[in-house]
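The values are calculated or read from the model by the stated rules, or taken from the named source; none is laboratory data. As the structure is a computational prediction, the values presented were derived from the model and not from experiment. Glycine gets a Cβ as well: all are built from the backbone with ideal geometry, and neighbour counts include every protein chain shown. To get the accessible areas, we keep the full protein, side chains included, count just its heavy atoms, and leave off ligands, DNA and RNA. Shrake-Rupley method; radii C 1.70, N 1.55, O 1.52, S 1.80 Å.
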Amino acid sequence: MSSMTRRDCAKLAALAALRVPVRAAVQVAAPRIAPLPRAKWVENGIIDAGGSHEPYTFVVRRGGQRLDARQEYEHAQSEELIRRLKNEGVEVFHTHLYKGAGMAHERAEMEDARRVAAIAHKHGLRVDSYIQWDTMIYEPFFVEEPRAQEWIQRDANGQPIMLIYGFQQSYRYRPCFSNPDYLDYLKKIVRFAVEEVKTDLIHFDNFDLNPEPESCHCRWCVAGFREFLRRKYTDAGRKERFGFANTDYVNPPRWNRSNPPEEMEIIFDPAIQEWIDYRCQSMADALGTMARLIKSLNPEVAVEVNPHGITGGNRAWQAGLDHARFLRYTEAFWSEERNVPAVHPDGRIISTIRSYKLARAFQNTLFTYIALDQAAMAEALAFNQTLGTVGDPGAPDMRRYIAFYKQNRELYSRAVDAGNVALLRSYPSITYHNARAQLGAVLVEQALIQAKIPFDLVFDEHLQDLTKYRVLILPESQCLSDAQLVAIRRFVEGGGGLVATGMAGLYDHWRRLRVTPGLAGMVAGQRPARAYQEQVEREEESGVPSRSQYGGGRVVYFPAVPFDGPLPEMEPYFTISSRHFWKAPTNWREIAKAVRWAARGGVPLEVGGPEYLIANLTAHPSRRQTVIHLVNYGYRQTPSIKQIPVRYRLPEGGRFREARLVSPDFPGSRTLSAKVAEGMVEFTLPELKVYSAVVLGW
């Protein structure tokens, strides 16, 4: 590969200037990035569906198509289809725009996209335009733009890196997002979408990177990684990080047959940790560049990506994605996890709740598959506060849910989550030890879900402001920085509750073992790190929980959160998948009691009924209105749950007015009889089929 020219170096410096250093102790001060404007129309919710996002030329190149593929393509962007979708309640029309074969090659179909967008706008629908983020279909692309041969990702051996869709799509090369020339090309497509198509939402598909060993080692990434380290740290910081200050010869990690990356359980090498950080930052920076361009052209165009949500994988390590960095640039994101709500014979209650909570943490809407199942539709209303993408809007159940949502839209639009329990998903903990930290988070989350305790997911940046919460949970949050520990102590001293488990706080943010545990003085009974590792090796998880007072707050420490049954064999990259791991721990009831104790009785909601009855709580404070959402995840086995007791704690100074029940399973609405005692509204829900919302006025 050729050496860098002076022009290349200037571009690299300009690109690096956009990067925001994060999560370091000794680093160069980073400029604050002003928040981007958000599309106002998204606040009212989204009902999205449409035709195909595949241009006809791609269908031909992919092969295996039906003989009427051309007719299918034309129908997918026909006025007939748009009229039907509008009549079925759809408000945003999804269509193709660019697949990655080059603008010259796709010009005719991009013009089709512009034409169909005009038709959709004529019928009062907004337009959702598909742009392939991470593909160059290189055969026609290189004909149009020979320079693009320098834009592709290359592995450590110089071979092109392909999008993972099987050998029969090996023509799809991944572009390098550290290369400013590719970003400049992508900007042309974005401009066409905003200025020519006049789209309302841009969907960037395949927003991720390949897992190791298929990370990009092109000249831009090698030079960019070294520049990243120079800009992120001072000389003293680099010396503390690596043992030396000059990182001009630090390379991305290499792998061999004896050391496959998918078998590396704990990541403690500083260079590998920083390489993960660089990949995450590069993806966030590239999206930020596109989002700033989009908003400069039209701030009412929404930005949406397809990175998947929380599925148990180590997304930073495997895909170069840290949701907390890039969701600040989006209004929505896709998760293709297909965690269809269900109760399984082995006790697993599967849901998409984690991904919905991730979206809510960053004021995003989640798009996922909900057309398959009534409980999935119900889950979207309960946790997403809108339907998102609806698949087949003509299906009877979907039509019923769309009609219900539109009739009761004021309950969902601009609603805020009203739980006062926060659970930390720590970036360094999960990234550097997914096998334990991800499992710890999943188990405690499952305990809260089945105990019907409304909670928010919070991320590292949120620890500086916990004023909304009564309780903070640190589930195996092993790696906490000094600043985070100060914030946690301040929260507890001020009266907040803390629930910590296992190895929480035993390491710093670089996973260096602390001589004195970070939570020392707050928790009792925490053992040395080696003791926990020995427990894992023996497949034993035990220990007596402790309760204590610290300052004005209460603290509960669980030495262990035991998996229910034998721990399943770990998958490659130590993914904690819903297929095996998403069960409540054996002590989940004790965890729920501990959370309520730490909150001093301040958890606002108590709901009876079986474990597969799941609850969420939202509010419209300005309207003095709270909504209790109830979903029967076991409706296939138990079509109806009767006589469900509910208790809700009124906000301080609030006076109860009424309780009203609405549901897509029953016509109209009905008033529930309720009583108030010591600030708690108490009532009984007569029957729940799949989904009901209880609207409390106060």
As a test of reading the structure, rank Trp588, Trp255 by solvent-accessible area (1.4 Å probe, protein chains only), most first. Trp255, Trp588
Treating only the Cβ atoms of Lys and Arg (+1) and Asp and Glu (-1) as charged, compute the dipole magnitude of the chain about its Cα centre; round to the nearest 20 debye. 1880
Check each of the GluC sites (Glu not before Pro) in the stretch 569-652 and keep only those in coil by DSSP with at most 15 other C-beta atoms within 10 angstrom; list them in order. Glu569, Glu652
Determine the per residue accessible area of the stretch 397-530 with all protein chains present and a 1.4 angstrom probe, expressed in square angstrom. 30
Residues of the stretch 193-229 with amide nitrogen under 20 Å from the 7 Å Cα-to-Cβ point of Ser170? 210-217
Compute the FRET efficiency between Glu144 and Glu569 as 1/(1 + (r/R0)^6), taking r as their Cβ-Cβ distance and R0 = 60 Å, and round to the nearest 0.05. 0.80
Rotationally averaged projected area of the stretch 239-341 (alpha carbon convex hull; nm²): 9.9
Restricting to DSSP H runs of at least four residues, report the calculated mean residue ellipticity at 222 nm for the chain, -39500 (n - 2.57) per run over all residues, nearest 500 deg cm²/dmol. -9000 deg cm²/dmol
Using only C-alpha positions, report the orientation-averaged shadow area of the convex hull of the stretch 540-642, nm², one decimal. 10.8
All-pairs Cα distance distribution in the chain, expressed in whole percent, bin size 20 Å: 17, 50, 30, 3
When the convex hull of the C-alpha atoms of the stretch 86-224 is computed, what volume per residue in Å³ does it have? 123
Over all Cα pairs of the stretch 277-390, how is the pair count split among 10 Å bins, expressed in % and running from 0 up to the last occupied bin? 14, 42, 31, 12, 2, 0
Roughly speaking, to the nearest percent, how much of the chain's 1.4 Å accessible area is carbon and sulfur? 51
Cα convex hull of the stretch 356-415, projected area averaged across orientations, nm²: 3.7
Bin width 10 Å, origin at 0, all Cα-Cα pairs of the stretch 51-109: what percent of pairs per bin? 21, 47, 27, 5
Which translational diffusion coefficient, to the nearest whole µm²/s, is obtained for the stretch 281-333 from the Stokes-Einstein equation, given a Kirkwood hydrodynamic radius over C-alpha pairs, 20 °C and 1.002 mPa s? 184
Stokes-Einstein D in µm²/s, Kirkwood radius over Cα pairs - the stretch 93-156 at 20 °C with 1.002 mPa s viscosity: 163
Say the cut-off is 20 Å between C-alpha atoms; which of Lys357/Lys468; Lys86/Lys188; Lys452/Lys583; Lys99/Lys295 go over it? Lys86/Lys188; Lys99/Lys295
Please work out the Cα convex hull volume for the stretch 336-454 and give it in Å³ per residue. 117
By how many nm would the segment from Leu513 to Asp269 grow when fully extended, if each residue of separation counts as 0.36 nm and the alpha-carbon distance is taken off? 86.5 nm
